[in-house]
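Chemist: To start, I am sharing the structure in question, which I have written as C-alpha cells.
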Ligand code: MIC
Ligand code: SF4
C-alpha cells in the first residue's frame with residue numbers, strides 16, 4: 001500500500017514502536033529549535049541531564065522577549081548565547097528575526113524531522129519538513145540524542161484545487177481550514193496538503209498555512225516538496241538540501257477535505273478564539289482602533305510588500321494606530337531594497353523590532369475596549385495585554401484595507417477606491433546575510449566557554465515520585481478551551497521564564513489570581529492540588545511552564561474532559577497525572593473545594609491499568625477516570641517526571 005508524505009517521513013525516522021495510528025512511536029530528530037522564552041528552561045534541563053554536546057542541528061533563537069525592561073531579559077540572552085557556544089548550538093542573535101520565519105529561510109529541509117519548543121514550529125511544514133511543536137524538555141532530550149516520542153498520527157488530506165483570487169491570500173485559506181476543523185477535536189491527526197492548487201502557492205504562503213494549522217490542535221501540517229520548494233530554496237542558496245517529496249498515488253488518508261482556492265473569500269477570526277471564523281463581509285464596518293502586521297504567520301517579504309503596495313501614497317487613518325513587525329532581518333533588508341519599508345514609514349507605520357512583540361502581548365497592547373486587527377494567529381482573551389480589547393485575526397490585505405478606511409473592510413472593495421491589486425512575486429534574488437548567527441566553535445574551544453548565569457536564573461525544580469494515593473482538593477475548576485495563556489500568562493511576565501518560583505506566582509492569574517497562594521498553602525499542609533478542566537484543556541502554546549509552575553505549586557493531577565497534545569506531554573514530563581473523565585458529564589458532579597482522593601494510583605500506573613477511581617469525599621461520589629498513558633509515559637510519571645527519570649538512567 002502506498003504512503004502519504006507524513007508516513008514516509010515518520011517511517012524513515014522510526015527508532016521505536018510500530019507505525020500504527022494511535023500507537024506511540026519514537027523517531028530520530030534531525031533538527032531542533034528553541035526560542036528565548038522556552039529556551040532558558042530547555043537548556044537548564046539539557047545541562048541538568050548531563051549531556052555534553054548536541055546531537056541535532058540545533059538553533060537557539062532570541063525573538064520572544066526583547067523588550068529588556070530590567071536586567072532579566074538581557075541576562076537570559078547572555079545565558080542563551082554562552083550556553084549555545086558551550087554546546088555547539090547555532091545562536092540567532094536578537095534582531096535576527098522570529099524563529100519560524102528564520103528557520104524557514106535558512107535551515108528548514110524537506111523530508112527531515114524538526115522539533116521545536118514552540119507550538120508554531122510546523123511553519124517549516126511549508127517547505128516539506130515534518131516539524132512539530134513540543135515542550136522544552138522534549139527538545140532537550142532530542143538535543144542530547146534521544147528520540148522524540150509521539151502518537152503515530154491519523155492523516156487528514158486537504159485537497160486544494162483552483163487558484164486564489166485577487167485580494168485573497170494564504171491566511172484566508174488557513175482561516176477557512178479553521179472554520180471547518182475548529183480548535184478542538186483534532187488531537188491525534190496531522191494535516192497533509194495536496195492537489196493541483198498546491199502548485200499555485202509559494203513556500204512563504206504554504207508556511208502561513210502550516211503555521212496556523214497549530215490552532216486546530218493537529219500534530220503538524222505539511223506540504224509536498226516540489227518545484228516551488230526548489231525555487232524558494234535556490235533563492236535562499238540552499239538548493240543542495242532540496243529533495244522531492246510527494247505522496248504515493250495510492251496513499252491512504254483518514255479524512256479528505258476539499259477546498260477550491262478560487263472560492264476562498266477574505267476571512268476573519270473574531271474574538272476570542274482563532275476558531276471563531278467568519279467572512280470579512282459579515283463583520284464589515286466595525287470601527288478599528290489598532291492594526292498590527294507581523295508575527296510568525298504573516299511577516300514575510302510577500303506579506304509586507306503586499307501591505308506596502310496597498311498603502312502606497314496614503315497615510316494610516318487618523319483614528320487608529322498602525323504597527324509593523326517584520327519577520328526577519330532578511331525581510332527588512334528585502335523590503336528596504338524593494339522600497340516597501342519607505343512606503344510603510346510614509347504610511348505612518350510604527351516599525352517594530354523583528355520579533356514576536358505584540359503577538360505575545362509584551363508591547364503594543366491596545367487601549368481599553370479597543371478593536372485590534374492583527375495578522376497573527378491567536379486572539380485569546382487578554383493575550384494582547386489588554387483584557388477588554390477585542391482582537392480579530394486577518395490577512396495582510398484585510399489589515400491594510402482597515403489602515404486606510406479605519407474600519408473592517410473587505411479588501412476587494414479597495415478596487416472601488418481606485419487601488420489596484422498587485423500580486424507580489426518573490427524577487428529573483430534574496431539577500432543572504434548570516435552575519436547575525438553565531439555558528440558553533442571548533443569542539444576543542446567549546447569547553448573553555450564560561451556559561452553566564454544572571455541572578456534571575458534559578459534551577460529547574462523537581463517533582464516527587466508518584467504517591468501511592470493522591471489525597472487532595474480540587475483547588476480550581478475551569479471551563480472549556482482553557483489555554484496555556486490562561487494557565488501561565490506570558491506578556492509582561494516573560495522575563496520570569498527562568499525563575500520558576502517567581503513565575504509560579506502568576507499561575508491562572510487571568511482566571512483566579514488567588515490560585516497560587518491557595519495552592520502553596522495546601523502544598524505546605526501536604527494536601528495535593530488537583531485541577532479540574534473541561535474540553536481541550538491546555539490548548540495553544542507549547543510552554544512547559546504551564547505544567548512546570550503548577551507542579552512547583554504542588555499540583556499532582558489534572559482531571560479534564562480532554563487535554564491537548566503538547567500540554568498532555570508537558571504534564572507527563574513534569575510528573576503531573578493527566579486524567580480524563582470516562583463520562584464527560586461527571587465534570588458537573590465535582591466542584592472547586594471538594595476533597596478528593598485517587599486511591600492506589602501508583603499501583604494502577606504500574607500495572608498498566610487504563611482506569612482509576614476518583615473519590616469525591618465531599619460529595620460522597622465515585623467517578624471513573626481514564627488513564628491514557630503509553631508504557632514509557634507510565635514510567636516517567638512514576639519517577640515524578642522526565643528529569644528524575646532520565647537522571648535515574650530511565651528507571652521508574
Ligand atoms: C505563543 O505563541 O504562545 C508562544 C509564546 O510562541 C508559545 C511559546 C511560549 O510560550 O514561549 C508557543 O506558541 O508555544
Ligand atoms: Fe512569536 Fe507569536 Fe509566533 Fe508565538 S505565535 S512564535 S509569540 S510570533
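Computed from the coordinates by the stated procedures, all read-outs in this text should not be read as laboratory data. The shown structure was predicted, so the numbers you read here are calculated from the model rather than taken from an experiment. Heads up, the Cβs are rebuilt from the backbone with ideal geometry, glycines too, and the neighbour counts pull from every protein chain shown.
Chemist: How long is the range 68-209 along each principal axis, judged by its Cα atoms, biggest number first, in Å?
Modeler: 50, 36, 27
Chemist: Please give the FRET efficiency for residue 312 paired with residue 286, using the beta carbon to beta carbon distance and R0 = 30 Å, rounded to the nearest 0.05.
Modeler: E between residue 312 and residue 286, to the nearest 0.05, is 0.75.
Chemist: For the range 599-652, what does the alpha-carbon gyration tensor say about shape, rounded, prolate or oblate, given a ≥ b ≥ c as the root eigenvalues, a/c under 1.5 as rounded, and a/b over b/c as prolate?
Modeler: It comes out prolate by the Cα gyration axes.
Chemist: How large is the direction-averaged shadow of the alpha-carbon convex hull of the range 244-284, in nm²?
Modeler: Convex hull of Cα atoms, orientation-averaged projection: 5.3 nm².
Chemist: Between the range 354-407 and the range 632-652, what's the alpha-carbon centroid distance in Å?
Modeler: Between the Cα centre of the range 354-407 and that of the range 632-652, the gap is 42 Å.
Chemist: Strictly greater than 18 Å: what percent of every Cα pair in the range 389-437 meets that?
Modeler: Pairs farther apart than 18 Å: 50 percent.
Chemist: Based on the Cβ-Cβ distance of residue 583 and residue 246, what FRET efficiency does E = 1/(1 + (r/R0)^6) give at R0 = 56 Å, to the nearest 0.05?
Modeler: 0.80
Chemist: Among 554-565, 581-592, how do they line up from the highest to the lowest mean number of other beta-carbon atoms within 10 Å?
Modeler: Listed from highest to lowest mean packing, they are 554-565, 581-592.
Chemist: Let me ask you something else. Using every pair of alpha-carbon atoms in the range 50-103, split the distances into 10 Å bins beginning at 0 and state the percent of pairs per bin, rounded to integers.
Modeler: 24, 49, 24, 2
Chemist: Another question, then. Convert 25 °C to kelvin, take the viscosity as 0.890 mPa s, use the Kirkwood radius over C-alpha pairs of the range 22-75 as Rh, and evaluate the Stokes-Einstein diffusion coefficient in µm²/s, rounded to a whole number.
Modeler: In µm²/s, the coefficient is 185.
Chemist: Mind checking the angle between helix 170-181 and the chain's longest principal axis? C-alpha axes, 0 to 90 degrees, to the nearest 10.
Modeler: That works out to roughly 40 degrees.
Chemist: What list of whole percents do you get for P(r) of the chain, with Cα-Cα distances grouped in 10 Å bins up to the one holding the largest distance?
Modeler: So the P(r) values, bin by bin, are 3, 17, 28, 27, 17, 6, 1, 0.
Chemist: Related question: Between residue 227 and residue 53, what FRET efficiency comes out of the Förster formula 1/(1 + (r/R0)^6) with R0 = 35 Å and r the beta carbon distance, rounded to 0.05?
Modeler: 0.40
Chemist: Here's another thing I want to ask about it. Please arrange 54, 174 by how many other C-beta atoms lie within 10 Å of their C-beta, fewest to most.
Modeler: Lowest to highest Cβ neighbour count: 54, 174.
Chemist: Can you compute the modelled spin-label distance between residue 255 and residue 388, with each label point 7 Å from Cα toward Cβ, in nm?
Modeler: Between residue 255 and residue 388, the simple spin-label model gives 3.9 nm.
Chemist: For the range 283-372, build the convex hull from the C-alpha positions and give me its volume per residue in Å³.
Modeler: 101 Å³
Chemist: Compute the Cα gyration tensor for the range 129-190, then decide on rounded, prolate or oblate, letting a ≥ b ≥ c be the square roots of its eigenvalues: rounded whenever a/c is under 1.5, prolate when a/b is larger than b/c in the other cases, and oblate in all that remain.
Modeler: Note, shape of the range 129-190 comes out prolate.
Chemist: As a check on your grasp of the helix formula, calculate [θ] at 222 nm for the chain: sum -39500 (n - 2.57) over DSSP H runs of n ≥ 4, divide by the residue count, round to the nearest 500.
Modeler: -8000 deg cm²/dmol
Chemist: At each listed q (0.19, 0.20 Å⁻¹), what is the log10 of I(q)/I(0) that the Debye formula gives for the range 154-236 modelled as equal alpha-carbon point scatterers?
Modeler: -0.82, -0.90
Chemist: Another question about this same structure. Give me the distance between the Cα centres of the range 271-319 and the range 520-560, rounded to whole Å.
Modeler: When both Cα centres are located, 36 Å separates them.
Chemist: Turning to a different aspect of this structure: Using the count of nearby Cβ atoms within 10 Å as a rough guide to exposure, how do 67, 25, 288 rank from fewest to most?
Modeler: Ranking 67, 25, 288 by Cβ neighbours within 10 Å, fewest first, gives 67, 25, 288.
Chemist: Still on this model: For the range 205-309, state what percent of all Cα-Cα pairs lands in each successive 10 Å bin, counting from 0 Å until the bin that includes the largest distance.
Modeler: 10, 31, 37, 17, 4, 0
Chemist: Between residue 595 and residue 446, what is the label-to-label distance in nm when each label sits 7 Å out along the Cα-to-Cβ direction?
Modeler: 5.4 nm
Chemist: Sketch the reach of a paramagnetic label on residue 434 as a point 7 Å from Cα along Cα-to-Cβ, and name the residues of the range 107-131 whose backbone nitrogen lies under 12 Å away.
Modeler: 107-108
Chemist: With viscosity set to 0.890 mPa s at 25 °C, what whole-number translational diffusion coefficient in µm²/s follows for the range 1-159 from Stokes-Einstein and a Kirkwood radius over Cα pairs?
Modeler: This corresponds to a translational diffusion coefficient of 153 µm²/s.
Chemist: Here is a further query. Find how many whole Å separate the alpha carbon centroid of the range 15-82 from the alpha carbon centroid of the range 89-152.
Modeler: Taking the Cα centre of each part, the range 89-152 and the range 15-82 sit 9 Å apart.
Chemist: How large is the translational diffusion coefficient of the range 461-556 in µm² per second when you combine the Kirkwood radius over alpha carbon pairs with Stokes-Einstein at 4 °C and 1.567 mPa s?
Modeler: The Stokes-Einstein estimate is 96 µm²/s.
Chemist: Mind grabbing the base-10 log of I(q)/I(0) for the range 313-431 at q = 0.10, 0.17, 0.21, 0.23 Å⁻¹? Debye formula, identical points on the C-alpha positions, no solvent, two decimal places.
Modeler: -0.33, -0.95, -1.35, -1.49
Chemist: Hey, another quick one. Would you kindly calculate the mean projected area, averaged across all directions, of the convex hull enclosing the Cα atoms of the range 496-652, in square nanometres?
Modeler: One quarter of the hull surface, i.e. the mean projection, equals 9.1 nm².
Chemist: Which of the peptides 405-415, 320-330, 277-287 is most tightly packed, and how do the rest follow, judged by the mean count of other Cβ atoms within 10 Å per residue?
Modeler: 320-330, 405-415, 277-287
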